Each structure stands twice: as C-alpha cells, then as structure tokens.
Amino acid sequence: MSYAGPEFEPPRPDPSGRSGRPRRSAALAVAALVCGGLLCWLGYEAVGAPDGADAASPGAPSASAPASSPGGGPPGRPSAEPSGSTSSPAAPGDDGKRPGGAAGPLEGKVVVIDPGHNPGNFRHTSEIARKVDIGTNWKECDTTGTATNAGYAEARFTLDVAHRLRTLLERQGATVKLTHDDGSPAWGPCVDERARIGNTAHADAAISVHADGAAPGDRGFHVILPAAVHEGAADTRAVAAASRDLGERVAGNFLRVTGEPPSNYLGGGSGLVTRKDLGGLNLSTVPKVFIECGNMRDSTDAALLTSGTWRQKAAEGMSEGIVSFLRGS
C-alpha cells in the first residue's frame with residue numbers, strides 16, 4: 001500500500017518527537033519479541049539482507065498495465081510479474097497450491113488472509129472510488145495499490161505471498177480463507193467487506209498483506225496494529241490487545257526469518273505502528289493486523305520483494321508468527 005492512497009492517509013509524526021531514522025538500539029525491541037535476547041539479534045546481524053543473487057532486478061514488464069495508482073503506483077505500470085523475478089519451482093507447495101486435508105497442531109483454527117488490493121482494481125476505478133463507512137470516517141472502497149519502479153504491482157505481490165502463506169498454514173492443519181483470489185471477485189472487495197469476511201468466518205487470526213510505496217531510502221517492514229476504537233460502526237476494544245499480541249509475534253518472526261529490518265521511517269524502529277484510520281482494522285471483530293513487507297519504491301527493498309525466494313521467507317515469517325499466536329507459545 002502507499003500512504004498517499006485514500007484508504008491509507010499519511011501517518012502523523014511520532015508524538016515522542018523521535019526522528020524517522022531510528023537509533024539502532026530501538027530495532028532490538030522487535031527482535032526480542034521472539035528471540036528473547038541478544039543471541040537472535042546477533043544472528044540477524046550475521047545474516048543481513050538475503051543473498052542478492054536471489055533478488056533479481058525486474059525485467060521487461062508485460063503489456064497488461066494498471067492506470068496511475070492512487071496508492072502511489074506509477075502510471076502505466078504493468079501488473080504482471082517482472083520477468084527477472086525468481087518465482088520458485090522450489091519445494092512442493094511453494095507455488096501456493098493447497099495440499100489436501102492436512103491435519104496438524106492448528107486443526108480447528110481458522111485464519112483469514114487478506115491480500116491487499118486486487119490486480120483488477122485498475123479496470124474498475126469508479127467502483128473502488130465508492131465511499132464506505134469505516135467507523136471513524138468514510139473512505140474509498142479500495143485503491144489500486146503501489147508498484148515497483150519497474151512495474152511489479154503490489155496487488156500481484158500480495159496474492160503471491162498470500163498463496164505461499166496459505167500453503168504453510170494448511171500444512172499445520174489450519175482452515176485458511178482468502179478475501180479474494182485468482183480474479184474472484186474481479187475487483188475489491190471493499191475494505192469494509194474484507195473485515196466482514198474475517199468476522200463471518202469467526203477467524204482466530206486475520207492478516208492483511210501489503211507492501212508500501214514510500215520515498216526511496218525509506219525501507220524496512222512494519223506491522224500495523226488496530227487502535228482501541230469505539231466510534232460509529234467500529235469497535236475494536238475487544239480485540240485490540242489480542243491483535244497487538246498477534247502483531248508483535250508476526251513482527252518478531254518476520255524479522256528473524258527474512259532479515260528485513262524494521263522500518264526506518266515509521267514506528268521508531270520497533271516495526272510496530274498503531275492506527276485508527278484503516279477500515280480493514282476498525283471493522284474487524286477478530287484479531288487482525290496489517291503487514292507492510294517493505295517499500296516497493298526503494299531499490300534495496302524492491303530487489304527483495306521481486307524475489308520468489310525472499311517472498312517464501314516472508315510467508316514463512318508471517319506463518320511462524322501466526323502459529324505462535326494461535327498456539328499461545
């Protein structure tokens with residue numbers, strides 16, 4: 001997502017007065033969530049960013065291109081996977097195809113994955129421009145999302161990661177539902193409907209997958225937590241604490257598995273941001289978080305986001321955080 005889009009307003013400055021470039025010590029907080037001490041952080045320092053050989057530069061984009069992105073995506077950028085990206089024929093199931101009827105430690109648990117935006121949104125600009133009630137405000141139904149400078153669309157990225165994450169969770173025995181998949185519906189759903197899907201499924205956990213569209217040089221991931229909102233149609237008071245627990249576990253495991261650092265432009269180095277202006281969180285009655293996996297407009301992050309190998313790690317980090325939350329361990 002881009003914070004310039006209608007569903008994603010620019011966050012206000014940190015009231016603590018900290019600069020957007022966090023001190024190195026602040027980033028330790030999120031690693032400690034799962035690792036429990038200095039040893040894991042030292043492991044992160046040793047690994048650094050994933051091997052650049054797997055972060056291939058995007059190749060020539062395909063011909064199907066979205067119009068300009070309300071979320072900050074460049075005009076005329078194609079929504080297809082860049083030819084230089086390393087989509088994985090790696091292990092069975094890495095392509096996102098569901099394994100059949102796996103039983104495991106998450107049997108009986110329901111997880112809803114919300115792939116941010118929709119590759120078809122750019123063909124339905126009037127539909128996604130319709131305003132919906134998010135409790136604290138009225139906002140557009142959805143946006144097209146952002147894209148890398150070479151044209152790899154956020155909506156393609158989020159679907160790919162969602163498929164990988166679904167496979168990993170189903171291998172643990174969870175029942176997994178996506179808010180949209182493989183062109184159905186052709187656009188959207190609207191942000192209020194995305195929340196409703198998780199609510200209707202009585203999800204034990206829900207996660208909305210995104211990538212940001214911030215300025216070059218801004219990089220790193222952050223997990224967005226719902227504020228304790230009670231206004232209009234929104235009431236997150238019953239799930240705010242559980243959502244924070246989910247978000248902290250996802251953030252810690254994402255850092256550990258991917259090596260992607262916490263955002264250097266939001267969250268004060270914690271990798272966590274609390275917001276009350278997102279309909280997908282405001283209207284959720286189940287524990288839910290958003291994750292911005294990196295900045296598509298930064299060349300370092302874009303090289304990772306366009307790598308199939310790295311996207312698998314991203315899914316693994318999210319999965320391990322969700323599993324930890326659901327098992328309470």
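The values are calculated or read from the model by the stated rules, or taken from the named source; none is laboratory data. What you see is a predicted model, and the numbers here were worked out from it, not measured in a lab. Methodologically, a virtual Cβ is constructed for each residue, glycine included, from the backbone with ideal geometry; neighbour enumeration extends over all protein chains shown. Keep in mind that these areas ignore ligands, DNA and RNA; they rest on the heavy atoms of the full protein, side chains included. Shrake-Rupley method; radii C 1.70, N 1.55, O 1.52, S 1.80 Å.
Taking ALA315, is it assigned to a helix (DSSP H, G or I) and in contact with a His (Cβ under 9 Å, 6 or more places away or on another chain)? Break it down stepwise before answering.
Working: assigned to a helix (DSSP H, G or I): yes; in contact with a His (Cβ under 9 Å, 6 or more places away or on another chain): yes.
The answer is yes for ALA315.
Out of ALA251, ALA214, I need the residue that is in a loop (DSSP other than H, G, I, E, B), farther than 15 Å from LEU278 by Cβ and touching a residue at least 40 places away in the same chain (Cβ under 8 Å). Which one?
On the way: ALA251 fails: in a loop (DSSP other than H, G, I, E, B).
Residue meeting the stated conditions: ALA214.
GLY173: of a type outside the set (Lys, Arg), over 22 Å from ARG244 (Cβ atoms) and in contact with an Asp or Glu (Cβ under 6 Å, 6 or more places away or on another chain), yes or no?
Numbers: of a type outside the set (Lys, Arg): yes; over 22 Å from ARG244 (Cβ atoms): yes; in contact with an Asp or Glu (Cβ under 6 Å, 6 or more places away or on another chain): yes.
Here the answer is yes, as GLY173 does meet what is asked.
Being touching a strand residue (DSSP E or B) at 6+ places or on another chain (Cβ under 7 Å) and open to solvent by 30 Å² or more (accessible area, probe 1.4 Å): is that true of LYS139 here? Quick ask: steps written out before the conclusion?
Numbers: touching a strand residue (DSSP E or B) at 6+ places or on another chain (Cβ under 7 Å): yes; open to solvent by 30 Å² or more (accessible area, probe 1.4 Å): no.
So LYS139 fails the test.
When both residues are 6+ apart or on different chains and their Cβ atoms are under 7 Å apart, which pairs have a first residue that lies in region 218-242 and is without any contact (Cβ under 8 Å) to a residue 24 or more places away in the chain, and a second that is outside any loop (DSSP other than H, G, I, E, B) and open to solvent by less than 60 Å² (accessible area, probe 1.4 Å)?
If the second residue must be outside any loop (DSSP other than H, G, I, E, B) and open to solvent by less than 60 Å² (accessible area, probe 1.4 Å), the pairs left are ALA228/ALA240; ALA240/PRO226.
Quick one: is ALA174 touching a strand residue (DSSP E or B) at 6+ places or on another chain (Cβ under 6 Å), open to solvent by less than 20 Å² (accessible area, probe 1.4 Å) and over 18 Å from CYS293 (Cβ atoms)? Give the steps one after another, and end with the answer.
Values: touching a strand residue (DSSP E or B) at 6+ places or on another chain (Cβ under 6 Å): yes; open to solvent by less than 20 Å² (accessible area, probe 1.4 Å): yes; over 18 Å from CYS293 (Cβ atoms): yes.
Judged against the criteria, ALA174 is a match.
Residues in region 272-281: is at least one open to solvent by 10 Å² or more (accessible area, probe 1.4 Å), farther than 25 Å from VAL111 by Cα and not in a loop (DSSP other than H, G, I, E, B)?
In the first step, residues of region 272-281 are kept if they are open to solvent by 10 Å² or more (accessible area, probe 1.4 Å); the result is 272-277.
Filter once more, keeping what is farther than 25 Å from VAL111 by Cα: none.
The answer is no; no qualifying residue exists.
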